[in-house]
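> One structure is given below, represented as structure tokens, and several questions about it will come after.
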Amino acid sequence: MSEFSTDLTQMWFLFLLLGVFAGLFVVFPFIKKERRITVDHDANAERIDIFHQRLEELKEELANQRIEKDSYNESVVELKRRLLNELSPEQSLTSRGDNRVLALTGIAFMVLVTGVFYYYTGSHRQIASWHEAVEKLPEYGERAVMQSGEPLNANELQAFALGLRTKLATAGDDAVAWMLLGRVAMSLNDFEMAMQAFDKALVMQPNNNNVLVNYSQALLIEGSEPSMNRAARMLSKVLKNDPTNIDAISLLALIAYERQDWKESKAAFEVLLSQLTKDDPRYEMIAGRIAEIEQKLGQQKDEPVAVKTGIVATVTISAELRNNIPKDSTLFVFAKAAEGPAMPLAVAKITNFNLPMTVNLDDSMAMMPELTLSKFSQVTVTARISNDGSVMPSDGELEGVSSVIELQQGENQLNVEISRVLTNTGK
């Protein structure tokens, strides 16, 4: 707590120092002494005498008609302008007393504007909240962990997380604090922060069952396949140390359920159900889930097992067309039902090929899940060298089609020879 107060003191000292520098920039221009201007009264009198003398001369020249009236008027104006430019000021004002007032006014204005700007845009509220979060960290921890008093609301959870991060930043790593931060982050739906916190806790206590279970929950919510695999490994580690850990069993059951591994899921839920009493509120829910899984297992027994088939096609090209293979062409090899949809059942696309070659086709290469090799008994295989990288036929492309074959379970061997040039394809 003392380190936190020291940080705040340093921050306010920096604010004060910046304020002093800003004040100097405002005050300094006003406290400089102004230069006094000296006045030479004799020089001004002499210039006025010269003006009157020259004016009399002009009048005399006008009277003797040596100059025109317009020239006279212009010369008089010019004389007056020159006299005004040459005269020195009659007095010099010193405004030092006034500058002090301006300086004080500038400082007051600067403080006022700064205060208003900081009030509306500054972080004083966040700083106050930060200070309060650190002060109330023990209270929040007691309410969250010991479940004493009112549960923490969303704002208090945010403050609890802030206090924990401050504690970890000032006091160093603490496995319990990292685990608490991860659980709070999960409550705030910040799963990225939760996993980072659990990672820290797990490095310090790799065999802590609570950390492993909580981390597994965060990974399951994230939901990717690598995360689920990692969660399963963590939960297996927990059950190795504590075979009756209900939380680990229930999470493993959920993983199996998400993967539609009904047998594994059913076994895990049954183990979980055996750990609960009938008056436990979770008992009925788990029993219902087991009944649902049993129904799914019954449906699987009633479904016919699809024959898993594959084709190994050896693709060759006739001697007449070997030299006609275009540069940068693409080889497509695909199987179609002999009688059925026009959509290929399996397609292989090969951009770098050298004939003859062997190509494998199976259910994983289907363009639509419901149209696979295993669901048809008779197929043909086509090999086509495409000029434009498209599976659709074009004039000038090279093609070969196998005879109709009867698919058997396992691998089906056949040969396809590319022996013709396509024409009249409509393209």
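> What does the charge add up to near N352, with Lys and Arg as +1, Asp and Glu as -1, over the other residues with Cβ less than 14 Å from its Cβ?
With Lys, Arg at +1 and Asp, Glu at -1, the neighbours total +1.
> Along the Cα-to-Cβ line of E86, 7 Å from the Cα, sits a label point; which residues in the stretch 42-71 have backbone N less than 18 Å from it?
42-59
> How much accessible surface does T166 have with a 1.4 Å probe, in Å² rounded to 10?
20
> Oh, and also: Would you tally the net charge around S419, using a Cβ to Cβ cut-off of less than 10 Å, leaving S419 out, and scoring K and R as +1, D and E as -1?
Local charge sum for S419: -2.
> Here's a follow-up. Nearest 20 debye, what's the magnitude of the dipole of the stretch 322-415 about its Cα centre given +1 on Lys and Arg Cβ and -1 on Asp and Glu Cβ? Show your work: numbers first, answer last.
On the way: 6 positive and 11 negative charges, 39 e Å.
Dipole about the Cα centre, nearest 20: 180 debye.
> Heavy atoms only, 1.4 Å probe, whole protein assembly: order K80, K240 by accessible area, highest first.
Order by accessible area, largest first: K240, K80.
> If you stretched the chain out fully between M367 and N324, how much longer would it get, using 0.36 nm times the residue separation minus the C-alpha to C-alpha distance?
Roughly 12.5 nm would be gained on extension.
> Tell me the carbon and sulfur percent of the accessible area for the stretch 324-427, rounded to whole percent, probe radius 1.4 Å.
Carbon with sulfur: 47 percent of the solvent-accessible area.
> Please compare each pair in K200/K263; K263/K375; K200/K237 to a cut-off of 24 Å on the Cα-Cα distance and tell me which ones are over it.
Over 24 Å apart, Cα to Cα: K200/K263; K263/K375.
> Separate question: Taking the convex hull of the alpha carbon atoms in the stretch 273-427, what volume per residue do you get, in Å³?
Considering the Cα atoms of the stretch 273-427, their hull volume per residue is 178 Å³.
> Here is a follow-up. So, taking all protein chains as they sit and a 1.4 Å probe, how much accessible area belongs to E68, in Å² rounded to tens?
Estimated to the nearest 10 Å², E68 gives 130 Å².
> Something else now. Over the stretch 203-306, calculate the relative contact order: mean separation of alpha carbon pairs under 8 Å at least 6 apart, over the residue count, as a percent.
Reported relative contact order: 18 percent.
> How much of the calculated P(r) for the stretch 253-300 lies past 15 Å, in percent of all Cα pairs?
Roughly 38 percent, once rounded to a whole number.
> Placing +1 on the Cβ of each Lys and Arg and -1 on the Cβ of each Asp and Glu in the stretch 310-393, which of P326, A313, L371 has its Cα farthest towards the positive end of the resulting dipole?
The one lying farthest along the dipole's positive direction is P326.
> Residues with beta-carbon under 14 Å from that of P326, excluding P326: net charge, scoring Lys, Arg +1 and Asp, Glu -1? Please list the in-between numbers first.
Working: positive: R322, K327, R384; negative: D328, D388, D395, E397, E399.
Net charge around P326: -2.
> What does the accessible area of R66 come to, in Å² to the nearest 10, when a probe of 1.4 Å is used?
That residue has around 150 Å² of solvent-accessible surface.
> Starting from the Cα gyration tensor of the stretch 184-320, take the square roots of the eigenvalues, sort them a ≥ b ≥ c, and report rounded, prolate or oblate (rounded when a/c is under 1.5, otherwise prolate if a/b is larger than b/c, else oblate).
On the way: a/c = 2.84, a/b = 1.43, b/c = 1.98.
In terms of gyration-tensor shape, oblate.
The values are calculated or read from the model by the stated rules, or taken from the named source; none is laboratory data. All figures in this text were calculated on a predicted structure; none of them were measured in a lab. Every residue, glycine among them, receives a Cβ derived from its backbone with ideal geometry; neighbour counts consider all protein chains shown. The accessibility values were calculated without ligands, DNA or RNA, using every heavy atom of the protein model including side chains. Shrake-Rupley method; radii C 1.70, N 1.55, O 1.52, S 1.80 Å.
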